Amino acid sequence: MDELFTLLSDGVVTSPWLQGALIVLSTFILEDPTTIGCGLLIAEGVLSFPTAFLALWLGVAVGDMGLYGMGRFMGPQTIRWGLLRETQVKKARIWFDGNLVMAVLLSRFVPGMRLPTFIGAGLLRASPLRFLCSTIGATLIWTLTLLTASIYFGERVLPMLGRYRWPVAILLLVIILIAQRLAKNKMAPPSTEEEEVSPVSFFEFWPPFMFYFPVSLWYAWLSLRHLSFTLPTVANPNIYAGGLIFESKNDILAQVPKSQREHFAPHAPFRHDSPEDVDKAEAAMKAAGISYPIVAKPDKGQRGNGVQPVDSREELAEYLGAFPLGHDIQLQQRVPFENEVGILYYRLPEEETGHIYSVTRKYFPTVTGDGTQTIAQHIGADPRARLLKHIYFPRHEERLDHVLNVGEEYALVFSGSHAGGAIFKNGRDIITPEIEARIDEISRALPKFYFGRFDIRFSDEESFRRGKNFQIVEINGAGAESTHIWDGDTRLRDAYKTLFQQFTILFQIGAQNRRRGYKALGPIRLLRDCLAYRRLSRDYPITR
């Protein structure tokens, strides 16, 4: 909202079309504060009533229909993803059994009822025509009432506040938002059933297009602000595309100077040209001084795609047989440490010292046998694992019917990837001045490296806190994410705040490097690389 005030009140956005577009986008985030803010801007004389009213009405109506569509076309998935609880669906069903029109009208005025009512309307397959007419009417009434009241208030109060009018206006909106939240909690009926505590955050397994939609809007705004859609590709000038997409893991590790190699797991770059390349691969391993067990990964890979542990020549042959020909592989010595952490680091090019932005502890889930149940049954009985059947079942297809002995542990995940089923927790508590200084030293030793995440295996916490007994298994560039947001205790607004700030930093680094003469990748080239990687990754072996 403060961005909206700044842009409109300072006259940066003077086109009614741009003003309307910004208002529509703002309604997707906060409807009522946006409406009130528009009323104050109309009172200030920097926004016209027709532009504000039409944009507000369109944005709210589209948002309402989007919620309805989500419920109608995704159905029970909305409950599994945590958007709705069973109790909310039951309440929505009662509303609709009485009167759909009245339910839609009341939900517009009752705090906390819009989301469950509108998704519930789609889930319960209410008439789309009746819902559309109802929400159009409710939106017109509510928007007109709130907008008119805000204009009336603004015309009488803003002139009295002088230069403090906008700080006071923003404070007022914050108070209104807090009051809405308190009213929502007070009006929520007491639970009559003991609710199961979820092992995941309610947004953790949303479809990517849904979770990242607000992030994409923020990215688009930063692109307009910096006049470049591909500016992050110059964040790390010595890495292809800054490490945003299609970068080479082998090329990145080749830049590690000898003085820092003790902190990196040894690896062998390998070009896979023939299905019978096992001898050639083992020769590359011998030349690099590594031996079984190893980790095999695509040289160009993200989110753990195609990563597998390899313990023998036979397993290596199997991996090579499933890997697409004509592409590079990284064969890396298996690090004997069980603990893993991901550290997101950044340094502005004009700074001498860098910063640790995000720290993620990674855990690798297992199931424990009882002598009677199969692995498939154990997965289905685990509160978290059952949400990831679509990942675990294909991965362990050959052993799903196997019955584990009493006390026998079976690992579901090897790769430290959230998309692959690993559990992520905020690990900020493990960072000390010693490890922070060591990460900064390693980062500054990499030529022109300013943003990225280090995936690190370590022996024990005490040694790691002292900056010892660890090995880096991978470096990710501009495409790295603050993965601690996938901690089940993270709130959605905190996750978005983290990602918005992360991309702001990334664009700042890109802007400074652009001023130093480095050129970003062209948008067509970036799009071509994204499509090429998507095609290639489909042919990678299954992730373990």
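The values are calculated or read from the model by the stated rules, or taken from the named source; none is laboratory data. As the structure is a computational prediction, the values presented were derived from the model and not from experiment. Here the Cβ positions follow ideal geometry from the backbone for every residue, glycine too, while neighbour counts run over all protein chains shown. The area values use the complete protein model at the heavy-atom level, side chains included, leaving out ligands, DNA and RNA. Shrake-Rupley method; radii C 1.70, N 1.55, O 1.52, S 1.80 Å.
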Review point. How far apart, in nm, are two points set 7 Å out from the Cα along the Cα-to-Cβ line at GLU338 and at LYS280?
Key: 3.9
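Between their Cα atoms, which of LYS249/LYS425; LYS425/LYS497; LYS249/LYS497 are more than 19 Å away from each other? Let's see the in-between values first.
On the way: LYS249/LYS425 25 Å; LYS425/LYS497 17 Å; LYS249/LYS497 29 Å.
Where the Cα-Cα span goes over 19 Å, the pairs concerned are LYS249/LYS425; LYS249/LYS497.
Filter the GluC sites (Glu not before Pro) in the stretch 203-286 down to the DSSP loop ones having no more than 11 other Cβ atoms within 10 Å, then list what survives. Let's see the in-between values first.
Working: sites: GLU204, GLU247, GLU262, GLU276, GLU282; in loops: GLU204, GLU247, GLU276.
Hits after loop and neighbour filter: GLU276.
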Check your understanding: So how much slack lies between GLU409 and ALA288, counting 0.36 nm per residue of separation and subtracting their Cα-Cα distance, in nm?
Key -> 40.2 nm
Check your understanding: Which GluC sites (Glu not before Pro) in the stretch 295-395 pass both tests, a DSSP loop state and at most 15 other beta-carbon atoms within 10 Å?
Key -> GLU338, GLU350, GLU351, GLU352
Revision key, fill the gap. Rounded to 0.05, the calculated FRET efficiency for the beta carbons of VAL157 and ARG444 at R₀ = 60 Å is 0.70
Exercise for review: Please calculate how many Å² of accessible area the stretch 288-421 carries per residue, with a 1.4 Å probe and no DNA, RNA or ligand atoms counted.
Suggested key: 44
Review point. Which distance in nm do the two modelled labels at LYS497 and LYS389 give, with both placed 7 Å along the Cα-to-Cβ direction?
Key: 3.7
**Study point:** Sorted largest first, extent of the stretch 434-491 alpha carbons per principal axis (Å)
**Key:** 34, 31, 18
